[in-house]
1. Looking at the chain as a GNM with Cα springs under 10 Å, which of 248, 60, 263 has the largest mean-square fluctuation?
2. Relative to a virtual label point 7 Å from the Cα of residue 150 in the Cα→beta-carbon direction, which members of region 163-201 show backbone nitrogen distances below 17 Å?
3. Plugging the Kirkwood radius over Cα pairs into Stokes-Einstein for region 108-173, at a temperature of 10 °C and a viscosity of 1.306 mPa s, what D comes out in µm²/s?
4. What do you get for Rg/Rh over region 179-277 if you use C-alpha atoms and the Kirkwood form of Rh?
5. Select from 234, 251, 17 the residue whose mean-square fluctuation is largest in a Gaussian network model of the chain (Cα-Cα springs shorter than 10 Å).
6. Determine, for each peptide in 107-118, 36-47, the mean count of other beta carbons within 10 angstrom over its residues, then list the peptides with the highest first.
7. Which value in deg cm²/dmol, rounded to the nearest 500, describes the helix-derived mean residue ellipticity at 222 nm for the chain, given -39,500 (n - 2.57) per DSSP H run of n ≥ 4 and division by the residue count?
8. Let me see the pair-distance distribution of the chain: every alpha carbon pair, 5 Å bin width, integer percents in order.
């Protein structure tokens, strides 16, 4: 059985194989208890016609592969396929497809210095981040890429790589990793990106807490060991599918230690979007 065959597997049959039976039905599909967390009332809905699911308790949803990811904790597509095949007792054929060599862009002549560029400081100011906070936590990274010289706001991670931002670029200087800012506190704030962390600093939300910046929700697994010793974990994650899925994973891992703080910015995509809404007269464009 190949990947296309797996995609055709009924979600209802998959859940039945895992031992979950529907508790009710409506005009669009069937209700189940969420198979990967405890709940008193069923909030997990499957639409058999569209072959999609949605968890009204966490906001997560998707197809059979994303459900396998929630069940197994795997983010790799092929490992999710393996999980489905194992539970359905099906062999999986993975045809070999040679991957063409693509040369990754190489950063050259990288220089790290104090953040002084007026353009970069203005870029952050237009996002509600003042100079004093920007310079406290960020640096300026000058680099060469494809033979051209660039510069960006840099935010260091725990593997000595940097998240890079400027008005026209969002990327990173490898290696990619999380950033931990430790103040010796038993409580911790979690952010997806450093702009949200800086926004919390502006809004006074950090309040001496330790901080974990994921620098991408794909780094969530790297953060879990670091979060294990905290008594309170406050999550300022994005109001989107990826942010809600990350929150659900942390809640499964740490239970009631985890608090969802996105209620502070319910009508905004993230904390920085909320911060910028407080200053509507400011332009978000950088004048060069």
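Please treat every number below as a calculation from the coordinates, not as lab data. Computed from a predicted structure; not experimentally measured. Virtual Cβ from ideal backbone geometry, glycine too; neighbours counted across all protein chains shown.
1. Of 248, 60, 263, the most mobile in the Gaussian network model is 263.
2. In region 163-201, the label zone of residue 150 (backbone N under 17 Å from the point 7 Å along Cα→Cβ) covers 163-176.
3. Answer from the Stokes-Einstein relation: 133 µm²/s.
4. When Rh is taken as the Kirkwood radius, the ratio is 0.92.
5. Maximum fluctuation in the GNM of the chain, among the listed residues, is at 17.
6. Result, highest mean first: 36-47, 107-118.
7. Dividing the helical sum by the residues of the chain leaves -8500 deg cm²/dmol.
8. The percentages, shortest bin first, are 1, 5, 10, 13, 14, 13, 12, 11, 9, 6, 4, 1, 0.
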